[in-house]
Amino acid sequence: MNVPLLVAGSLALLGAAIHGGGGEILVVRKLSLGGLPSTPFGGPRMTKTMIRASWHMTTVAFVAVGCALVLSASVLRGDTARAIGLVAAAESTGFAALAVGGAFAQGPRALLRHPAPVLLTFVAVLAWWGAL
């Protein structure tokens with residue numbers, strides 16, 4: 001049992017659940033069609049549909065990384081566990097870099113305004129610790 005990978009995967013899965021459910025209720029559903037632009041793909045309703053799809057595709061990616069980390073920690077063994085753990089750690093690092101970079105672009109205080117930069121960074125650190 002690889003505890004850092006297990007904790008990282010569990011946190012990633014918790015984050016995915018919050019991202020999917022909370023994001024749908026607190027962000028996506030509150031998008032006003034009147035404030036959304038038309039695109040070559042359709043009007044504001046299509047724009048909202050594309051935002052919803054993108055939001056939940058990200059949630060699915062968080063679930064996939066969380067599952068990979070949990071499997072690497074508990075079920076897989078040897079080189080397979082290490083390889084899957086390294087891929088998941090790299091993906092976690094990408095998520096963290098985007099969240100931290102996006103928050104930092106808003107100003108240093110934004111790093112703590114939303115839990116994603118801290119949570120995703122913590123998941124990435126634990127993932128690397130467990131994978132290496």
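Apolar share of the accessible surface for the chain: 73 percent from carbon plus sulfur atoms, 1.4 Å probe.
Whole-Hz Karplus values for the range 53-59 come out as 4, 4, 4, 6, 5, 5, 4 Hz, taken residue by residue from phi with 6.51 cos²θ - 1.76 cosθ + 1.60 and θ = phi - 60°; glycine and proline positions read x. Hey, in the GNM for the chain with a 10 angstrom Cα cutoff, which one of 58, 93, 39 fluctuates hardest? Top of the fluctuation ranking is 39. Each residue of the range 90-100 was assigned a 3J(HN,Hα) from its phi angle through the Karplus curve 6.51 cos²θ - 1.76 cosθ + 1.60 (θ = phi - 60°); the sequence is 5, 4, 4, 5, x, 4, 5, 4, 5, 5, 5 Hz, with glycine and proline shown as x.
Excluding ligands, DNA and RNA, what is the solvent-accessible area per residue of the range 1-96 at a probe of 1.4 Å, expressed in Å²?
Here the residues of the range 1-96 average 55 Å² of exposed surface.
Take the alpha-carbon centre of the range 49-68, take the same for the range 83-132, and report the distance between them in whole Å. Their Cα centres are 16 Å away from one another. Building the convex hull from the alpha-carbon atoms of the chain and averaging its projection over directions returns 8.9 nm². Between 15, 34, 107, the Gaussian network model of the chain with springs among Cα atoms under 10 angstrom shows the greatest mean-square fluctuation at 34. What you get for the chain, charging only the Cβ of Lys and Arg (+1) and of Asp and Glu (-1), is a dipole of about 420 debye around the Cα centre.
Could you list the residues of the range 92-132 with an amide nitrogen less than 20 Å from a label point located 7 Å from the Cα of residue 3 in the Cα-to-C-beta direction? Answer for this model: 122-132.
The values are calculated or read from the model by the stated rules, or taken from the named source; none is laboratory data. In this text the structure is predicted, and so the values were computed from the model without any measurement. Positions of Cβ are generated from backbone atoms using ideal geometry, with glycine treated the same way; all protein chains shown enter the neighbour counts. Note: areas computed on protein heavy atoms with side chains; ligands, DNA, RNA excluded. Shrake-Rupley method; radii C 1.70, N 1.55, O 1.52, S 1.80 Å.
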